[in-house]
1. If you put +1 on each Lys and Arg Cβ and -1 on each Asp and Glu Cβ, how big is the dipole of the chain around its Cα centre, in Debye rounded to 20?
2. Between Phe46 and Arg72, what FRET efficiency follows from the Cβ-Cβ distance if R0 is 22 Å, with the result rounded to 0.05?
3. Which whole-Hz couplings ³J(HN,Hα) result when phi for each residue of the stretch 33-48 is put into the Karplus expression 6.51 cos²θ - 1.76 cosθ + 1.60, θ = phi - 60°, listed in order with x for Gly and Pro?
4. Under a point spin-label approximation (7 Å from Cα along Cα-to-Cβ), what is the Glu109-Ala55 distance to one decimal in nm?
5. If you take volume of the Cα convex hull per residue in Å³ from the coordinates, which of [x] 113; [y] 124; [z] 99 do you get?
6. To the nearest 10 degrees, how steep is helix 53-63 against the longest Cα principal axis of the chain, on a 0 to 90 scale?
7. Would you compute, from DSSP H runs of 4+ residues alone, the mean residue ellipticity of the chain at 222 nm, taking -39500 (n - 2.57) per run and dividing by the full residue count, rounded to the nearest 500?
8. Using alpha carbons only, how many degrees (0 to 90, rounded to 10) separate the axis of helix 15-25 from the longest principal axis of the chain?
Amino acid sequence: MTVIETTAIAGIVEPVIEAYFATLNAGQFEATADLFAVNGALHPPFESPVVGTEAIAAYLKAEAQGMTLYPRQGTKEPLENNRTQVNVTGKVQTPLFGVRVAWTFILQENHQIESVEVNLLASLAELANFQR
């Protein structure tokens, strides 16, 4: 069994959020996708939502290789229907560049991820320098 190193996020104590970052950083994309509800959605920057655990795992395998996520701080607030919104800011380092990022998680009552929206916090000048 692989030991997954977790990262403390100031202001947040939420095991599913910690597991999201830990499994992504370990390259365990199926484990990351399993944290989502069956019809959960990943909203990557500048792309259409990726819906469903299988689609999320496939997307992460294709797009998240070599990325390291550094969540730094967050806030948590209750929503209707026993859901919770968790906002986290930090940095993502790819093999080519690093960028500041904000993640907005919606958690269901059972602590599964209903959705996560990933937003780049880069300036227009910084974004202009990125090439896919």
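1. 420
2. Efficiency for this residue pair is about 0.45.
3. Values per residue, Gly and Pro as x: 4, 5, 6, 8, 4, 3, 9, x, 10, 9, 10, x, x, 6, 9, 5 Hz.
4. Label at Glu109, label at Ala55, 2.6 nm between them.
5. [x]
6. 20
7. -6500 deg cm²/dmol
8. It works out to around 30 degrees.
Bear in mind that the values in this text are calculations on the coordinates, not laboratory data. In this text the structure is predicted, and so the values were computed from the model without any measurement. Cβ coordinates were reconstructed from backbone atoms using ideal geometry, including for glycine residues, and neighbour counts include every protein chain displayed.
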